[in-house]
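The values are calculated or read from the model by the stated rules, or taken from the named source; none is laboratory data. These figures come from a predicted structure and were not determined experimentally. Note: ideal-geometry Cβ built from the backbone for every residue, glycine included; neighbour counts use all protein chains shown.
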Amino acid sequence: MTGISVAFGGVAALSDVSITVEPGQVHGLIGPNGAGKTTLFNVACGLVRPDAGRITWRDQELRRLRPSRLSKLGISRTLQGVGLFAGLTVLENVMVGAHRHAKAGFFSALLALPTADKDDRLLRERATAALVELDAEAYAGRYPGSLPYPVQKRVALARALVADPDLLLLDEPASGLAEDEMHELGELIRALSSRMSVLLVEHHMDLVMKVCDRITVLDSGKQIAAGTPAEVQADPAVTEAYLGDAVDVEADAAELAGTDGGRSND
Amino acid sequence: MSEPQSPANARAGDELIEETPFTATAAANAPSAQAAGGRSFLPKSTLLRHLLILVLSAVGAVILLEVTDPFTNSQLASLTYYAIAAGGLTVLTGMNGQISLGHGALMAVGAYTTALFLGVDGEPLPLPVIFLVAVAISTIVGALVGVAAARLHGPYLAGATLALAVGLPGLALYFRDTLGGEQGLRVRAPEPPASFTNFIDLVSGNPASGTKWLAYVGVICLLITFFLLANLVRSRIGRTWRAVRDQEVAAELAGIDLGAWRVLAFVVSAACAGLAGAVLALVVRLAAPSGFTLVLSLALLTAIVIGGLGSLLGALLGSALLVFLPPFVTNLGGDFGLDQTKAAQLAPFVYGVVLIVAMIFAPAGIVGTIRLRWMTARAKRAVAGRAAHGG
């Protein structure tokens, strides 16, 4: 993606951001709240149309990208939160993710031809394999609403993986996870990078620093740094975006203490 | 687009919480794919399983039609066209989450098509062909409506389809010469073929009346429709519909074209409505605007809500209520000493009460409520079993 700009009304959510995910790499996308990370994701998925810029995938420019075409292109995405289908069992949820591998059409389903059964069996095997990989096959027959949040997140990931994507977009996969679960997730993402490229939006710095090959930092819709984790960590612009510079912090603190001293910090 | 779920409410031991969060469509959520280890006495193949049920239902229907009197036969004939339309509507509303108040109008399309084709001078086309034409034309109308409907949601969709229900029967008044205006078109029901008379003679020896023939035509259409709908519901198609209903964005990201699948659901539903209209024209022997008022569309919606949204069995039960409750209540009123008119007014009242009671105490409808009970019981058993094993 090069030179992406998006404006919502008068607010420039993204201005001239470029990002390239190399094959087999884990690319991190970080930045403070409101930096435009999710907007960039939505542009990559066709949920938001950029005002300027080009999206290129496998040397082809994608014009008028629509979300439903994404999985055919070999791109999968997980949502912030989980976005599971509440009325479908876990297994069915993952089978929906394998939509692009389905071959049997409407009429074979209408007449319940054996081809439809066979097709469904293949989808089920695929889905079961994805659940096994994420260690969630024990929940296959359950409905998502009754499952613990981390399990739901694993199911959502399985649904994205079952399509066998070449590029996986992960939107805050670690939110709501405990420390050890996050550790497992990190290892999983590293393992996935042998099969596909990963673009990762995440708030947990230690996870990002550990698993990413390259990192792009956004702040207020602008790209302020890009490079390896070590380079990014050393970049003063990044520290400033996250912490403000030292003087500012103190000044702010003093100001807060003066005007709003009675309230306990939250 | 994110779910309002926080880690805090995801404690272990949540199994007892109702597993399907959308209570209203609980009846629609029977899994299309069994997890491994489920045992069943039915054949594994969907086709064989559904054919088996089809044959059993056919035998049951023949027995039912032969042990009941001619009046009940004609009531059952009415039941078939309500159930066909309700079956299509329950797939649309329960499985795909689209509401339609316009199904009465789509039935009118099927009914008028049938009336016109049966009313031609000379020998009319064979009945199955006419039915297919009726289905085809209502499918086309349904596709047009569906394309518009795919962009609308909830109350807006209800409003748009409401316009259809109100407007379409008006065409009959506008094209008075062809469509017969307010009086409508009389339908000449074709004579039962000799093979039918022989069949009835063989089975029960009852007289093979025209009423009985029409009831059989209705039952045959009903069985075929439900067989095909059940196939769809249990397949990837049904699963995809439910995915679109539950989470649009996630479904789209999985490669599902929301609009196309919504239109598909509407088209399937419209085809059913068309066939229902065709059967109605035969059974009532009339296609007139007064038969396709908004009340018909609302009655269908009520039937599927009471039966359990998304369940074909529920649609059948709801339709049965639609047909059998009013005469039952009227008789009851008569027994309690009400005069004819008052007793007749009792029926809509009781119907309304039943709907309200169902909404309050069993929002998932008959089938959905039973399904929820069963799932809760199973979850309790599973927890108890785990406790017994794990200590």
*Looking at region B:229-241, which of its residues are facing another protein chain (nearest Cβ under 7 Å) and in contact with a Ser or Thr (Cβ under 8 Å, 6 or more places away or on another chain)?*
B:Asn231, B:Ser235, B:Arg236, B:Arg239
*Residue check, A:Leu113 against (1) within 18 Å of the chain's Cα centre (by Cα); (2) free of Cβ contacts under 8 Å to residues at least 12 places away in the same chain, all met but one. Which one?*
(1)
*Could you pull out the residue among B:Gln75, B:Gln98 that is crowded, with 24+ Cβ neighbours inside 10 Å and closer than 29 Å to B:Gly365 by Cα?*
B:Gln98
*Determine if region A:81-93 includes at least one residue that is surrounded by fewer than 17 Cβ atoms within 10 Å (Cβ to Cβ) and of a type outside the set (A, V, I, L, M).*
no
_Checking A:Gly53 against (1) buried (at least 18 other Cβ atoms within 10 Å of the Cβ); (2) small (Gly, Ala, Ser); (3) in contact (Cβ under 8 Å) with a residue 12 or more places away in the chain: exactly one of these is not met. Which one?_
(1)
*Considering only region B:210-282, give the helices (runs of 4 or more DSSP H) lying wholly within it that have at least 2 residues that are touching a residue at least 24 places away in the same chain (Cβ under 8 Å) and under 20 Å from A:Ala112 (Cα atoms).*
B:210-233, B:236-246
*Of the conditions (1) at pLDDT 90 or above; (2) not in a helix (DSSP H, G or I), B:Ile84 clears all except one; give me its number.*
(2)
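Conditions tested, residue by residue: (1) at the interface with chain B (Cβ under 7 Å from one of its Cβ atoms); (2) free of Cβ contacts under 8 Å to residues at least 60 places away in the same chain; (3) touching a helix residue (DSSP H, G or I) at 6+ places or on another chain (Cβ under 8 Å).
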| position | (1), (2), (3) |
| --- | --- |
| A:Val90 | no, no, yes |
| A:Ala109 | yes, yes, yes |
| A:Ala130 | no, yes, yes |
| A:Ala140 | yes, yes, yes |
| A:Pro150 | no, yes, yes |
*Find the helices (runs of 4 or more DSSP H) located wholly in region A:166-244 whose residues include 2 or more that are touching a helix residue (DSSP H, G or I) at 6+ places or on another chain (Cβ under 8 Å) and at pLDDT 85 or above, and list them.*
A:179-192, A:205-211
*Within region B:102-139, how many residues turn out to be within 23 Å of B:Pro289 (Cβ to Cβ) and loosely packed, with under 15 Cβ neighbours inside 10 Å?*
3
*How about region B:215-266: which of its residues are among the hydrophobic types (A, V, I, L, M, F, W, C), over 21 Å from A:Leu111 (Cβ atoms) and crowded, with 24+ Cβ neighbours inside 10 Å?*
B:Ala215, B:Ala243, B:Val244, B:Ala250, B:Ala251, B:Leu253, B:Ala254
